[in-house]
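Written below as structure tokens is the structure these notes are about.
The values are calculated or read from the model by the stated rules, or taken from the named source; none is laboratory data. Bear in mind that the values here come from a model prediction, so they are computed numbers and not experimental data. For the accessible areas, the whole protein counts, side chains as well, though only heavy atoms, and no ligand, DNA or RNA atoms are used. Shrake-Rupley method; radii C 1.70, N 1.55, O 1.52, S 1.80 Å.
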Amino acid sequence: MGTKTAAETAAEPKIEDKKADLAGSAPTEDTAAAPAAEPATTPAPAAEPAAADTDETAAEETPVADADAVDAADPAGDGGQAPSPVGQGAGAVVAAALGVVSLSGGWLGTVASAREQLIGQLRTSTSASVATQIKEVYGDAWHTTALWAGVFALAAVIVGVVVLVRPAFGAARAPQTPWIKSVAWAGVVLGVVGLLLAVLKYTDALLALPSA
């Protein structure tokens, strides 16, 4: 058993050659790991389509934003610049202010009334009747106050109406701002009320002179 036969001795080189062939044909760890690592880096170019999609989306959104800006600057689309609402806004505020002043007559009406009262005192003699003194000293002064209140009221109505109808004439292309309409309508309403009160006071239908 301890000695090898000639056949066994001859077979040993063949076995060694087969082991060497198997070892040479088996892939090493580095060789096997290399192909496995390559697929991990190949999907990197997939980021390029995403960037391209982003550029296309930005290119599509930019004309829309530009178109909105153009529409805001030129609502009529005729290439002209939309008028500034500053003038209309100022007119609406002036109409409302005139309407408020028309309800009281304002400082100008007070001065005119005091002047008329002084004139009446100078022209009326002490021997005049009470009815004459009341009319000359107080009646004319009150009528003057009502007259100036009516002037302010009429001005408020005219300015308010002009502001409201302004978009229908000229080169108005932008819609009128809501607050301008509201303030202008307030001026018109106050003007109408002030004008009505002025007419009633001037004709002695309201707050008439006392009878002597």
Need one value: the accessible area of T203 in square angstrom, 1.4 angstrom probe, rounded to the nearest 10. 90
Expressed as a whole percentage, what fraction of the accessible surface of the range 99-212 belongs to carbon and sulfur atoms when a 1.4 Å probe is rolled over the protein heavy atoms? 71
If R115, R166 are ordered by their accessible area, calculated over protein heavy atoms with a 1.4 Å probe, which sequence runs from highest to lowest? R115, R166
To the nearest 10 square angstrom, how much accessible area does T177 have with a 1.4 angstrom probe? 40
